[in-house]
Amino acid sequence: MRKKPLYIHSPIYPKRSVLDGYIDRIYESGWLTNSGPLVTELELELKAYLNVPYLVLTCNGTTALQVALRSTIEKGEVLSTAFTFAATGQAISWCGYQTLFADIDSKSLKLDPKLINSKVSDNTKVLLPVSIYGNAEHNQAYQDIADCLGLKLIIDAAHCFGSPTAAQQSSLLCGDAAVLSFHATKIFNTVEGGAIITRHKSVYEKAKQLVNFGMINGTPHLYGTNAKMNEIEAAFGLANLPNMNHHINQRAKRTIWYQEHLQTFVSNGAIKIVESANHSYFPILFKRARDLEVFDQALKNRLIFGRRYFNPLQPGCRPEELPIAASVADRIFCLPLHFEVSKDDILEISSVLEALFDQADVTRTPEKSQLSIT
Ligand code: T4K
């Protein structure tokens, strides 16, 4: 029996000596927050790493979403997905906007472009899809729909950190703005943190103002908020950034190990492996929800903690109107994916799955009302 739990994530800590160098600079500068030198430096380094024209750092991904919304509209409805983390819907509601939901498609697990038109009303002002697990499908379709209907487009790209592949660029540089999360559990972390990314100078300037109480030269001109990243968080990020490609490669390697060890269950249709373009997650979709529950408990008994990202659906949605999202939320499970996951851990996880499917009661009894895996 393992002594240390294996969690879905394990935060990446920078090398202590590198971090100390940045902390020394904070002690010398006499500057802790409010657009300090390290925040400015991290903004520049991230712009170069991600290859994006404008980037505003924030204290987390949730406030980044709120500021991105406030940077683009004053009021109205926001059309989004119910299959996402609580932050997406909460950011919309905290800004005082109504949320409308459309269903996802069963392949990308993202907002289905075909369903958007029928949901939009005269009050709908923003389309807010989520690039779940870092996946970039449909971004061009979202842009075309937003252009055609005169909507703003904001991408919740909280999962999309990575070196600038075409897929990732398409999530970050689509629409009016995209937001990233740099939470401790993300690929790149600043402990807590986030960013608003945009191609538009006007959105950048407004976001920059809104994260600091709507101030220009010390005077508030707009109702803003305090969404600023501080120097300690920026130090953590600056010290972490040089190791990111190494850590993404570590995740890619573990993704391949999982794929190899789980292939039998994929071939016999018991599970489907859901893609994660930047290896931010390793999601599997069970054919039947009941199998997932037994599997989850069996892993917990061994101190292995995956997560049901994302279940439940967003509050306020009507699951009966979102049959694909409801079915996926019942059957999705993310396995641990980080540098501490060993080949033996993956072998153990696959042996738990094997034992589960060896039990006659879970393999032979069909479960009602499950959509087939596509
Ligand atoms: N949009 C989307 C689509 C998002 O997924 C998120 C955040 C956001 C927006 C908002 O971004 P932020 O405002 O958070 O920057 C975690 C993260 O807290 C959250 O950032 C993330 N999505 C979400 C998917 O995962 P929880 O509630 O699952 O976290 P928690 O505390 O249960 O941690 C998960 C596991 O990670 C733990 O079981 C153990 C491990 N862990 C966690 C922490 C904090 C560690 O080993 N060490 C740690 O320090 O939300």
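Summary table
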item: Quarter of Cα convex hull surface for the stretch 268-348, i.e. mean projection, nm²; result: 6.5 nm²
item: For the stretch 106-211, average projected area of the Cα convex hull in nm²; result: 7.5 nm²
item: Debye, to nearest 20: dipole size of the stretch 193-335, +1 on Lys, Arg Cβ, -1 on Asp, Glu Cβ; result: 140 debye
item: Long-range HN-HN contacts of A82 with modeled amide H, under 5 Å; result: A102
item: For the stretch 89-160: rounded, prolate or oblate by the Cα gyration tensor [a/c cutoff 1.5]; result: oblate
item: Extended-chain gain in nm, criterion 0.36 nm per residue less alpha-carbon gap, S267 and N311; result: 13.3 nm
item: Between 0 and 90°, nearest 10: helix 139-149 axis offset from the chain longest Cα axis; result: 60 degrees
item: Linear extension gain, T219 paired with S121, 0.36 nm per residue minus alpha-carbon span; result: 31.6 nm
item: Measure of compaction for the stretch 6-150 (Cα Rg per 2.2 N^0.38 Å); result: 1.30
item: Rounded to 10°, Cα long-axis angle of helix 231-240 versus longest principal axis of the chain; result: 50 degrees
item: Calculated FRET efficiency for the pair R16/E321, C-beta based, R₀ 45 Å, to 0.05; result: 0.30
item: Dipole of the chain, positive direction: furthest Cα of A184, S35, T84, with charges on the beta-carbon; result: A184
item: Folded to 0 to 90 degrees: helix 16-29 orientation relative to the chain principal axis, Cα; result: 20 degrees
item: Normalised per residue, the volume of the convex hull around the Cα set of the stretch 19-62 (Å³); result: 92 Å³
item: Share antiparallel - DSSP beta bridges, the chain, percent rounded to 5; result: 55 percent
item: Simple label model, 7 Å out from Cα along Cβ direction - E275 to N245, nm; result: 2.4 nm
item: Where the stretch 56-111 is the region considered: accessible area per residue in Å², 1.4 Å probe; result: 32 Å²
item: At 1.002 mPa s and 20 °C, Stokes D of the stretch 219-277 from Kirkwood alpha-carbon radius, µm² per second; result: 137 µm²/s
item: Net dipole in debye of the chain [+1 Lys, Arg Cβ; -1 Asp, Glu Cβ; about Cα centre; nearest 20]; result: 240 debye
item: Rel. contact order, % - alpha carbon contacts under 8 angstrom, at least six apart, the stretch 1-138; result: 19 percent
item: Per-selection Kirkwood Rh - the chain (Cα, Å, 1 d.p.); result: 21.5 Å
item: Distance violations [Cα-Cα > 20 Å] among K253/K343; K47/K110; K186/K253; K47/K125; K119/K152; K300/K343; result: K47/K110; K47/K125
item: Largest-first ellipsoid semi-axes for the stretch 179-265, taking √(5λ) over the Cα gyration tensor eigenvalues, angstrom; result: 37, 15, 11
item: Estimated [θ] at 222 nm from DSSP helical runs (n ≥ 4, -39500 (n - 2.57)) normalised by residues in the chain, nearest 500; result: -13000 deg cm²/dmol
item: Mean separation of Cα contacts under 8 Å (6+ apart) over length of the stretch 94-147, as relative contact order %; result: 32 percent
item: Gain in span if fully extended, R2 to N301, counting 0.36 nm per residue against the direct Cα distance; result: 106.6 nm
item: Assigned charges on the beta-carbon of Lys, Arg, Asp, Glu; the stretch 239-309 dipole about Cα centre (debye); result: 140 debye
item: Shape of the stretch 216-370, Cα gyration tensor, a/c cut at 1.5; result: oblate
item: Relative contact order computed over the stretch 211-292 (Cα-Cα under 8 Å; 6+ residues apart), in percent; result: 16 percent
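The values are calculated or read from the model by the stated rules, or taken from the named source; none is laboratory data. These numbers come from a predicted model, not from an experiment. Cβ atoms come from the backbone with ideal geometry, glycine included; neighbour counts cover every protein chain shown. We work out accessible area using only protein heavy atoms, side chains counted, and drop any ligands, DNA or RNA first. Shrake-Rupley method; radii C 1.70, N 1.55, O 1.52, S 1.80 Å.
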